[in-house]
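Inspection log for the structure reproduced underneath, given as structure tokens.
The values are calculated or read from the model by the stated rules, or taken from the named source; none is laboratory data. Worth saying up front: this structure is predicted, and the values here are computed from it rather than measured. Every residue, glycine among them, receives a Cβ derived from its backbone with ideal geometry; neighbour counts consider all protein chains shown.
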Amino acid sequence: MGLLSEGINEVIATTRFNAAPMGITCRDDSMKMALFTGSHTAQNIGRERWVVANIVHDPVIYVTTAFSDLPHDAFLPVTVNGREMHRLAQADAWLAFDVVIEHRGTESMTVRLSSLHEETISSTVRPVNRGFNSIIDATIHATRYSISRDPELKKLIDYHAGIVRRCGGKRELAALELLMKYIE
Ligand SMILES: Cc1cc2nc3c(=O)[nH]c(=O)nc-3n(C[C@H](O)[C@H](O)[C@H](O)COP(=O)(O)O)c2cc1C
């Protein structure tokens, strides 16, 4: 499991010149991702069979990559076991995985990950911040809300926005402003 912990790790998954927040579930020594087949991440993984998990603590990156694309210079090519992979240039740590597709349906697919390499670049200690955590929650709800416009999801987003305003720092507030623009 290395740098990841038991449970669901919300990372920024990078594939070829693409980044998106994704969950990696670690349980009983197995690591898996469940992907909606419509995403670029799922399409790239299906084609190239690798993914990099980037650990970052910038809330703006979570919101940006959930709703849009990063420029090419945000990615750093790395060679892992003879294969070129792309990690985020500003990752605090990154883990490269080989991917085996376990199940592929019309709407979703499940993949199993095997760790190939991991590197910690910055080991800065980060105290728990509810504002950051609520940006993650609000962004998950917002990705669904942007498709369904379900008012119940909007209530959840507004609840988390309240926590971000109370507990977040400047980056969380900037991430929230961006998030609200994406779902306008
Ligand atoms: C914290 C977080 C976790 C997410 N986890 C997943 C996931 O595990 N699987 C998935 O398919 N989408 C997940 N999403 C939604 C994708 O990030 C979103 O659909 C994104 O637009 C996909 O981008 P892509 O098309 O560049 O891959 C998550 C979103 C957030 C904010």
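Inside the range 1-26, can you point out the residues that are within 8 Å of the chain's Cα centre (by Cα) and within 8 Å of the ligand (Cβ to nearest atom)? Once the filter is applied, which keeps residues that are within 8 Å of the chain's Cα centre (by Cα) and within 8 Å of the ligand (Cβ to nearest atom), the range 1-26 yields E10, A13, A19, A20, P21, M22, G23. In the set (1) assigned to a helix (DSSP H, G or I); (2) in contact with a Leu (Cβ under 7 Å, 6 or more places away or on another chain); (3) more than 16 Å from the ligand (Cβ to nearest atom); (4) of a type in the set (A, V, I, L, M, F, W, C), the condition left unmet by A96 is number (1). Among the residues of the range 26-65, those that are among the small types (G, A, S) and farther than 17 Å from R16 by Cα comprise S30, A34. Scanning the range 27-52 for residues being more than 12 Å from the ligand (Cβ to nearest atom), in a loop (DSSP other than H, G, I, E, B) and either closer than 17 Å to H86 by Cβ or at pLDDT 95 or above (or both) gives a total of 1.
Here's the yes/no breakdown for (1) acidic (D, E); (2) crowded, with 20+ Cβ neighbours inside 10 Å:
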{"residue": "E6", "(1), (2)": "yes, no"}
{"residue": "A13", "(1), (2)": "no, yes"}
{"residue": "M33", "(1), (2)": "no, yes"}
{"residue": "H40", "(1), (2)": "no, no"}
{"residue": "R47", "(1), (2)": "no, no"}
{"residue": "V52", "(1), (2)": "no, yes"}
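Residues in the range 1-53 that are among the charged types (D, E, K, R), closer than 19 Å to S108 by Cβ and in contact with a helix residue (DSSP H, G or I) (Cβ under 7 Å, 6 or more places away or on another chain): 1 in all. Selection of the range 100-137 for residues being in contact (Cβ under 8 Å) with a residue 60 or more places away in the chain, within 26 Å of H160 (Cβ to Cβ) and hydrophobic (A, V, I, L, M, F, W, C) yields F132, I135, I136.
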